[in-house]
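First comes the structure, then the notes that go with it.
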Amino acid sequence: MIRFEQVTKHLGGRRVLDRVSFEIAKGETFVIVGLSGAGKSVTLKHMVRLLVPDGGRVWVGDDCVSEANSRKVEQIRSRFGVLFQGAALMQWMNVHDNVALPLREHYKKDDDEIEQLVREKLALVKLEAALEKYPSDLSGGMRKRVGLARAIVTSPEIILYDEPTSGLDPVTSRTIDTLIDDMRQEFGVTSVVVTHDLHSALAIGTRIAMLHGGEIIENATPEDFIHSKNEVVQSFLDAQYITREGDWKKKDAP
Amino acid sequence: MSVQPQQLGEPLNVFGRMGRTVITTLHGAGQGGMILAQAIFFIPSMFTPRRMHNVLFHMYLTGIKSLGVITVVAMFTGMILALQTGLELRRFNQEVNIGTAVTVVMMREMGPFMTALIIAASVGSSIGAQLGTMKVSEEIDALEIMSINPVRFLVTPRLVALMVMLPILTIYTNILGSVGGAIVGKTQLGVSFRAFFDNAQLYAANKDLYVGLFKAFLFGNIIAAVACHQGLTAQHGAVGVGLATRRTVILSFLIILVVGYMTTRLFYV
C-alpha cells in the first residue's frame with residue numbers, strides 16, 4: 001500500500017532520513033516510534049508529499065507520490081486522512097464546520113447529507129454535544145478527537161496519525177487508541193501512527209518500526225519488537241518500564 | 001504552497017552573502033508574484049454563495065473596521081496640507097488656491113498613499129500574522145492534504161476584499177481630506193467653503209481621480225500579495241509569525257512607495 005525505497009532527506013543541513021526503506025501492507029496499523037527528532041513526522045509527511053525526498057522514492061499503491069505532478073498528488077491525497085499533532089483545526093470555524101470542511105469543498109453533497117455525516121463522525125469520537133463550539137473552547141483531547149473526526153469524514157483508505165496521544169491523559173489516550181484500532185478492524189483502514197508512547201504502539205500496532213539516526217533499526221510485530229536484541233530498542237522499552245520477562249502477549253485495546 | 005526549509009550553509013565571504021541576499025530576494029519576489037497570479041486566477045471561483053459570504057466578511061474587516069482610523073488620518077492629512085500650503089500661498093495673496101492644492105494632492109497622491117499605509121499596517125499585518133500562525137500550526141498543511149488549495153481558500157478572498165475596498169476607502173479619504181482642508185481654509189486662512197470648492201473644481205481633472213483610484217487598486221494587490229506571501233512562508237513558531245508580520249508592514253510600505261512613484265511617472269511625465 002505504501003512503500004519507501006531508499007528515501008533520504010536532509011533538513012537544516014542534517015541528514016534526517018538515510019536510505020530508509022519499508023513497506024506497509026493494506027489494512028495494517030504500522031507504528032513508527034523513536035526519540036524526538038528521529039524523523040518520524042518527516043517520514044509521515046513524505047507519504048502525502050508535504051516533503052519531497054532528496055533521494056529515493058515513495059509509493060502509494062502504484063503511484064510514485066514523490067515524483068507525481070500536482071494533479072496526481074491531489075488524487076493521491078484524496079485517499080488519505082491525517083490527524084495532526086496539534087489537530088490543525090481552523091480556529092475561526094466551529095467544530096461542525098471544521099469536520100464538514102472537506103465535504104463542502106470536494107463532494108457534491110447537500111447540506112442535510114453533510115449534516116448527517118458530520119454528526120455520525122462526531123458521535124464516533126463522542127463529541128456530538130460540541131457541534132457549535134470553537135477549537136479555542138476545547139481541551140487538547142477534544143481537539144484531537146475533532147481532528148480525528150475530520151480525518152475520517154471522507155472515509156479515506158489510509159489514515160496518518162502524528163502523535164495522536166501526546167499531551168493527553170492516559171484515559172483519553174486509550175480512547176484514541178480504541179478509535180484507531182476500530183478503524184482497522186471495522187473499516188479495514190490502513191493506518192500509520194507516529195508516537196513516543198510504546199504502550200499505545202504495542203496495543204494498536206500490527207507492526208512497529210523504530211527510527212534512530214535516520215535509519216529503521218527495527219521493524220517487527222509487537223511480539224518480536226518487545227524481544228528485540230537491538231540495544232537502542234531495549235533502552236527505549238526500558239525507559240517506558242516495559243518488561244521483556246516471560247512471554248509477552250498483546251492485550252486487546254480497551 | 002508548502003515551502004521546504006532552506007538548506008543553505010554559511011556563506012563563505014562578503015560576495016557569497018551578497019549573492020545569497022540577491023537570490024533570496026528574487027526567490028521571495030517570485031513566490032509572491034506566483035501567489036498573486038494564482039489568487040487572481042481563482043477569482044471566478046469566488047462566485048458561489050458560501051465563498052462570496054467569505055469575501056464579504058473580509059471586505060467588512062478591511063473596509064468598515066478601518067473607517068475610524070482612516071477618518072482621523074484623512075481629516076488631519078487634508079488639514080495639514082491646507083495649513084502648510086495656505087501659509088506659503090498667503091505670502092503671495094494666493095491662499096484661495098489651497099482648494100486646488102489640497103484636492104489635487106489628495107486625489108493624485110495622498111489619498112491612495114495614506115489609505116494604503118493604514119491598511120498595510122492594520123489589515124496587512126493582521127493577514128500576515130493570521131496566515132503565519134496557520135502555517136506554523138500545520139493548518140496550511142491540513143488544507144493541502146484535504147486538497148483544498150490554500151491560495152484559493154485563504155488568499156483570493158482577502159485579495160478581492162483589498163482590491164475592491166482600497167479604491168472605495170480612497171474615495172472616502174479624498175472626500176474627508178478635502179473637507180479637512182476646507183475647514184482649515186475657512187477657520188485659519190479666511191477662504192470660504194464655496195471659494196475652496198470652486199477653486200478645486202476649476203483645476204482638478206477627472207484623470208487625477210482615475211489615476212489615484214488605479215494606484216489604490218494596485219496598492220490593494222500589493223498588500224494582499226506581500227501579507228499572504230509572508231504569512232504562508234512563515235517558519236519557526238511564534239518568532240517566525242512575528243517576523244512575517246514585521247516584514248509584511250515594511251515590505252508593503254517600500255513597494256507602495258516605489259510603485260506609487262512609478263505610476264505617477266507613467267501618467268504625468
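Rule-based calculations on the coordinates, nothing more; no lab input. This one's a predicted model, so the numbers in the text were calculated from it and none came from an experiment. Every residue, glycine among them, receives a Cβ derived from its backbone with ideal geometry; neighbour counts consider all protein chains shown.
Report the net charge of residues surrounding A:Leu131, where surrounding means a beta-carbon distance below 10 angstrom and charges are Lys +1, Arg +1, Asp -1, Glu -1.
Here the count lands on -2.
Taking R0 as 56 Å, what FRET efficiency do you get between B:Arg20 and B:Tyr210 from their Cβ-Cβ distance, rounded to the nearest 0.05?
Plugging the Cβ-Cβ distance into 1/(1 + (r/R0)^6) gives 0.85.
Take every DSSP beta bridge whose two residues both sit in the protein assembly as shown, then give the antiparallel share in percent to the nearest 5.
Within the protein assembly as shown, antiparallel bridges account for around 50 percent of the total.
Return the average number of partner chain Cβ atoms within 10 angstrom of each residue Cβ along peptide A:73-85.
Going residue by residue through A:73-85 and averaging, the value is 3.
Show the residues, 5+ positions off or on another chain, whose built amide H is closer than 5 Å to the amide H of A:Thr29.
A:Ser191, A:Thr206, A:Arg207
Once label points are set 7 Å from the Cα along Cα→Cβ at both A:Cys64 and B:Ser192, what is their separation, rounded to one decimal in nm?
So the two model labels end up 8.4 nm from each other.
Hey, with R₀ at 51 Å, roughly what FRET efficiency would B:Ile43 and A:Val232 work out to, going by the Cβ-Cβ distance, to 0.05?
0.40
Using the basic label-point model (7 angstrom from Cα toward the beta carbon), what is the B:Arg90 to A:Lys126 distance in nanometres?
Computed distance between label sites B:Arg90 and A:Lys126 equals 7.9 nm.
Could you please report the charge total around B:Gly231, scoring K, R as +1 and D, E as -1 over all other residues with beta-carbon less than 13 angstrom from its beta-carbon?
+3
Quantify how strongly other chains surround peptide A:102-108 by giving the mean number of their Cβ atoms within 10 Å of each of its Cβ atoms.
Going residue by residue through A:102-108 and averaging, the value is 3.
In square nanometres and to one decimal, what's the mean projected area of the convex hull around the Cα atoms of the protein assembly as shown?
Computing the convex hull of the Cα atoms and averaging its projections yields 30.3 nm².
Which value at 222 nm does chain B reach when only helices count, each DSSP H run of 4 or more adding -39,500 (n - 2.57), with the total divided by all residues and rounded to the nearest 500 deg cm²/dmol?
-26000 deg cm²/dmol
Pairs of alpha-carbon atoms within less than 8 angstrom and 6+ residues apart define the contacts here; what relative contact order does chain B have, in percent?
Relative contact order, chain B: 31 percent.
What is the set of long-range amide H partners of A:Glu218 at a cut-off below 5 Å, with H atoms built 1.01 Å from backbone N?
HN-HN under 5 Å from A:Glu218: A:Met210.
Can you work out the Karplus-derived ³J(HN,Hα) for every residue in segment A:89-99? Use 6.51 cos²θ - 1.76 cosθ + 1.60 with θ = phi - 60°, whole Hz, and x for glycine or proline.
7, 6, 5, 8, 10, 6, 4, 4, 5, 4, 6
For every other residue with a beta carbon closer than 13 angstrom to the beta carbon of B:Asn221, add +1 if it is Lys or Arg and -1 if Asp or Glu, then tell me the sum.
+2
With the crude spin-label approximation of a point 7 Å out along Cα→Cβ, what separation in nm comes out for A:Ser136 versus A:Arg15?
4.6
Is there a pair in A:Lys40/A:Lys121; A:Lys72/A:Lys121; A:Lys45/A:Lys72 whose C-alpha atoms are over 18 Å apart, and which pairs would that be?
Where the Cα-Cα span goes over 18 Å, the pairs concerned are A:Lys40/A:Lys121; A:Lys72/A:Lys121.
Can you quote the Å³ per residue value for the convex hull of the Cα atoms in segment B:136-209, rounded to an integer?
119
Can you report the principal axis dimensions of segment B:14-268 using only the alpha carbons, biggest first, rounded to whole angstrom?
Each principal axis gives a Cα extent; for segment B:14-268 these are 68, 54, 31 Å.
Under the definition of partner shielding as Cβ atoms of other protein chains within 10 Å of a residue Cβ, what is the mean value for peptide A:50-57?
What the average comes to for A:50-57 is 2.
Given a Förster radius of 30 Å and the C-beta distance between B:Ile183 and B:Val258 as r, what FRET efficiency does 1/(1 + (r/R0)^6) yield to the nearest 0.05?
According to the calculation, E is roughly 0.35.
Can you run phi through the Karplus equation (6.51, -1.76, 1.60; θ = phi - 60°) for segment B:244-254 and list ³J(HN,Hα) in whole Hz, with x for Gly and Pro?
My calculation for segment B:244-254 gives 4, 5, 4, 5, 4, 5, 5, 5, 4, 4, 4 Hz in order.
Just to check I understand the Karplus step: with θ = phi - 60° and J = 6.51 cos²θ - 1.76 cosθ + 1.60, what whole-Hz values come out for segment B:49-64, glycine and proline as x?
x, 5, 6, 5, 4, 5, 4, 4, 4, 6, 5, 4, 4, 6, x, 5
Using a 10 Å cut-off on Cβ atoms, rank the peptides B:143-149, A:189-195, A:55-61 from the highest mean neighbour count down.
Per-residue Cβ counts within 10 Å, averaged per peptide and sorted highest first, yield A:189-195, B:143-149, A:55-61.
Using only the Cα atoms, what convex hull volume per residue in Å³ does chain A have?
131
Kindly rank B:81-93, A:42-54 from highest to lowest mean number of other beta carbons found within 10 Å of each residue.
Final packing ranking: A:42-54, B:81-93.
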